[in-house]
1. Filter segment 127-177 down to residues that are open to solvent by 70 Å² or more (accessible area, probe 1.4 Å), assigned to a helix (DSSP H, G or I) and charged (D, E, K, R) and give me whichever is farthest from Thr49 (Cα to Cα).
2. For segment 95-111, how many residues are open to solvent by 70 Å² or more (accessible area, probe 1.4 Å), modelled with pLDDT of 90 or more and over 30 Å from Asn4 (Cβ atoms)?
3. Cβ-Cβ distance below 9 Å, separation of 6 or more or different chains: which pairs start in segment 144-171 with a residue that is farther than 15 Å from Met98 by Cα and end on one that is polar (S, T, N, Q) and assigned to a helix (DSSP H, G or I)?
4. Go through segment 150-162 and count every residue that is in contact with a helix residue (DSSP H, G or I) (Cβ under 6 Å, 6 or more places away or on another chain) and not aliphatic (A, V, I, L, M).
5. Name the residue that is nearest to Ala129 (Cα to Cα), counting only residues in segment 178-187 that are open to solvent by less than 20 Å² (accessible area, probe 1.4 Å) and not small (Gly, Ala, Ser).
6. Taking Val114 as the residue in question, decide whether it is under 15 Å from Ala64 (Cβ atoms), open to solvent by 50 Å² or more (accessible area, probe 1.4 Å), out of contact with any Asp or Glu (no Cβ under 9 Å at 6 or more places or on another chain) and modelled with pLDDT of 95 or more.
Amino acid sequence: MNVNVLANAFGPREGTALLVKQVVLVALGIVALAVAAKIKVPMWPVPITMGTFAVLTIGTAYGARLGLITMLGYLLVGALGFDVFAGSSAEKFGLTYMMGGTGGYLVGYLMATVLLGALAARGWDRSVAKLALALLLANVLIYVPGLLWLGQLYGWDKPILEWGLTPFLLGDAIKLGLAALLIPAVWKLVGEAHS
């Protein structure tokens, strides 16, 4: 197997051991997404939730296929009614929550994960500049279906950009910067460990 994404750079690379590693990575990814969604960092104008950061890093580190499986697993756990999303709660969870204002962004998570995984497989995750561009494109893929869904759900006469875009731009820029620095740094450590 070609070591083209971080998930392939360590551990078994074939056979049953590879399958076990992938199952463990998917399970850990789902847990990481659920935990990150609940982390809120105080910020103005809105708190930063770390769910998008987890999506960006998992999509980049896992690659398109394993990242997509992980995201689908996360959405399935949420659809089954577990409290794994940023705004879900005991009162509003499962498909009811997913079909609300967050629905389009969840679709965007899938699209962003596939894009990041594909670009990471082409080496974009080893350069801060290339990864920053990939992450910016991924953020666009998260916002577009999110905003389209909000517009359909609530009406285009509402302040859709004020609800679903502008308050989050500063926090997303910070998360993008962190991910753009983190992944290439981990690749450097992997390279040094293998040399």
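The values are calculated or read from the model by the stated rules, or taken from the named source; none is laboratory data. Model, not experiment: these values are computed from the prediction. All Cβ positions, even for glycine, are placed from backbone atoms using ideal geometry, and neighbour counts span all protein chains on display. The accessibility values were calculated without ligands, DNA or RNA, using every heavy atom of the protein model including side chains. Shrake-Rupley method; radii C 1.70, N 1.55, O 1.52, S 1.80 Å.
1. Only one residue tops the list, namely Lys130.
2. Filtering segment 95-111 for residues open to solvent by 70 Å² or more (accessible area, probe 1.4 Å) gives 95-96, 99, 107, 111.
After this cut, where a residue has to be modelled with pLDDT of 90 or more as well, the list is 99, 107, 111.
Okay, now just the ones that are also over 30 Å from Asn4 (Cβ atoms), so 99.
The total comes to 1.
3. From residues that are farther than 15 Å from Met98 by Cα, the pairs are Phe168/Thr52; Gly171/Thr52.
4. At the first step, the residues of segment 150-162 found to be in contact with a helix residue (DSSP H, G or I) (Cβ under 6 Å, 6 or more places away or on another chain) are 150-151, 160.
Then keep just the ones that are not aliphatic (A, V, I, L, M); that gives 151.
The qualifying residues number 1.
5. Of all residues in segment 178-187, those open to solvent by less than 20 Å² (accessible area, probe 1.4 Å) come to 179-180, 183-184.
Keeping just the survivors that are not small (Gly, Ala, Ser) gives 183-184.
Numbers: Ile183: 12, Pro184: 10 Å.
The extreme case among them is Pro184.
6. Values: under 15 Å from Ala64 (Cβ atoms): yes; open to solvent by 50 Å² or more (accessible area, probe 1.4 Å): yes; out of contact with any Asp or Glu (no Cβ under 9 Å at 6 or more places or on another chain): yes; modelled with pLDDT of 95 or more: yes.
In short, yes.
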